[in-house]
Amino acid sequence: LEESPAARLGRALRKVRFDGPTVSERLLERRDVATPTSLLRLRDDLPSPAPRDELDALIALFCLGQPVAASEEELLGAELVDALRAADLVSSEETFLRARCALAPVGDSLVLRTDFPPPFSAGQVMYVGPDSAALYDVVSRLRDVAGARVLDLCAGSGIQGLAALASGAASCLAVERDPLAAAAARFNFDLNFAQVSRAVARKTTTSAPFFDVILANPPFVAVPASLGYEAFADGGPTGEAVLEDVVAAAAAALARDGLLAVVLEVNGDPADLARRVQRWWLRGGARDALRCAVVVDSDDARSSPENVATRRGGRTHSDAWLRNLRENRISSVRNGFLFAARTDVDEFAVFEARRLWAPPAANAEARRAVADALDWLAPSTQQ
């Protein structure tokens, strides 16, 4: 079979070591992997000398969103430039070469084609934000991913399914309804795992329990109905419109000893969320009960409706955001994870940690809370 443009580009990027540790070491002089969004936020403080080699040129183009002078294009080499052009990831503008999108190094070895985050892009494919990076960290540390059949719902750029494949999953089906995001996910699977069993679909048609691990990063922001918002983040006025569908789908598709893992914002009391999840589970046709663990950020300073409304609505729309939160009885908004498994009796537990979505260098407490939640869940997943 002819090699796809994405697979060809992946081979070229690996050859020049365009990966998380190498990029972080080049930019920040440390090997712990910085998240793509943190690199962009730091770019004004980072030195910007002329690129010295192909790695410098790739970092400028795809990590920092900076143009590269046409006179420096030769640094990339003919093979890499041809691969980038074949994948339609660069454009020539007068005397500069510009990136059409981001290439985000994630973890030790993955690279994702995605959008630059706002305000650097107005694209529709989900960028690698702190929620995506946090669930990626969880997935990369799950004990039971090796050999698993994985379903990635609301896949976006495909990052969670890719994390599972990088941890040894046997196969992955990524489900994403947005056509641009689905195209990006297909590209990213080819870019990283051209020879692995994986597929991307616009909807799931699975009707019998089949998947050992189901992952999801659904739109979870509680958005006023009167305002527009990024489609990949808009969870409706309650923030739970898509989450309800995810849980119902998991009820039909999760294996008896499987695990559902979701990153989300917890709106209001986490115990109330767990009870709603158990109701949605039954709506999906499940005949068994659900054991549910909710992990939430313990930082109350940022979670108040007033704080959230000001952050998201600014001076212009904060009143509309605050009114929506109050109308939906959302007393707090906190970063969180949801883990669930089939069981015989409905049960739930709540765990807390500070800086729950912090990057790996600062998330030791978050990792302990997640580990405690999964240990509590283990009796269900090991029956």
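The values are calculated or read from the model by the stated rules, or taken from the named source; none is laboratory data. Values in this document were obtained by computation on a predicted structure and should not be read as measured data. Please note: Cβ atoms are built from the backbone with ideal geometry, for glycine as well, and neighbour counts cover all protein chains shown. Quick note on the areas: whole protein, heavy atoms, side chains included, nothing else; ligands and nucleic acids left out. Shrake-Rupley method; radii C 1.70, N 1.55, O 1.52, S 1.80 Å.
What the table shows:
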item: Antiparallel %, DSSP beta bridges [both residues in the chain], to 5; result: 50
item: Accessible-area composition of the chain, carbon plus sulfur, in percent [1.4 Å probe]; result: 48
item: Length-normalised contact order of the stretch 73-116 in % [C-alpha pairs under 8 Å, at least 6 apart]; result: 22
item: Nearest-0.05 FRET efficiency for R14 and D372, computed from C-beta distance (R0 41 Å); result: 0.65
item: Value of relative contact order over the chain, rounded to a whole percent, pairs C-alpha under 8 Å and six or more apart; result: 13
item: FRET efficiency for T310 and R354, using Cβ-Cβ distance with R0 set to 22 Å, rounded to 0.05; result: 0.55
item: Accessible surface, the chain, averaged per residue in Å² (probe 1.4 Å); result: 45
item: Linear extension gain, S71 paired with F210, 0.36 nm per residue minus alpha-carbon span; result: 44.7 nm
item: Computed over the stretch 235-383: relative contact order in percent, which uses C-alpha pairs under 8 Å that are six or more apart; result: 32
item: The chain - mean residue ellipticity at 222 nm from DSSP helices (-39,500 (n - 2.57) per run, n ≥ 4, rounded to 500); result: -11500 deg cm²/dmol
item: Candidate values (1) 0.99; (2) 0.95; (3) 1.10, label of the one derived for Cα Rg over 2.2 N^0.38 Å; result: (1)
item: Listed peptides 333-342, 244-253 by packing density, highest first (mean Cβ within 10 Å); result: 333-342, 244-253
item: Length added when fully stretched, A78-R279, from 0.36 nm per residue minus Cα-Cα; result: 66.7 nm
item: The chain, dipole about Cα centre (Lys/Arg Cβ +1, Asp/Glu Cβ -1), debye to the nearest 20; result: 640
item: Per-residue ³J(HN,Hα) for the stretch 286-293, Karplus 6.51 cos²θ - 1.76 cosθ + 1.60, θ = phi - 60°, Hz, x for Gly and Pro; result: 5, 9, 10, 8, 10, 9, 10, 10
item: Fully extended contour minus Cα-Cα distance, from A183 to E365, at 0.36 nm per residue; result: 61.9 nm
item: Built amide H within the under 5 Å cut-off of R354, gap 5+; result: S298
item: For the stretch 283-383: rounded, prolate or oblate by the Cα gyration tensor [a/c cutoff 1.5]; result: oblate
item: Rounded FRET efficiency, nearest 0.05, which uses the C-beta distance separating A241 from R85 and R0 of 45 Å; result: 0.65
item: Formal net charge of residues neighbouring E306 (Cβ-Cβ distance under 13 Å; K, R +1; D, E -1); result: +3
item: D152 long-range amide H proximity, modeled H, under 5 Å; result: L173, A174, V175, L215
item: Hypothetical label at S4: residues of the stretch 60-87 whose amide nitrogen lies under 16 Å (7 Å Cα-Cβ projection); result: 84, 86-87
item: Mean Kyte hydropathy of 1.6 or more with a Cα span along the axis of at least 18 Å, helices from DSSP in the chain; result: 241-253
item: Counted charge near A261, where neighbours are those whose Cβ lies closer than 15 Å (Asp, Glu -1; Lys, Arg +1); result: -2
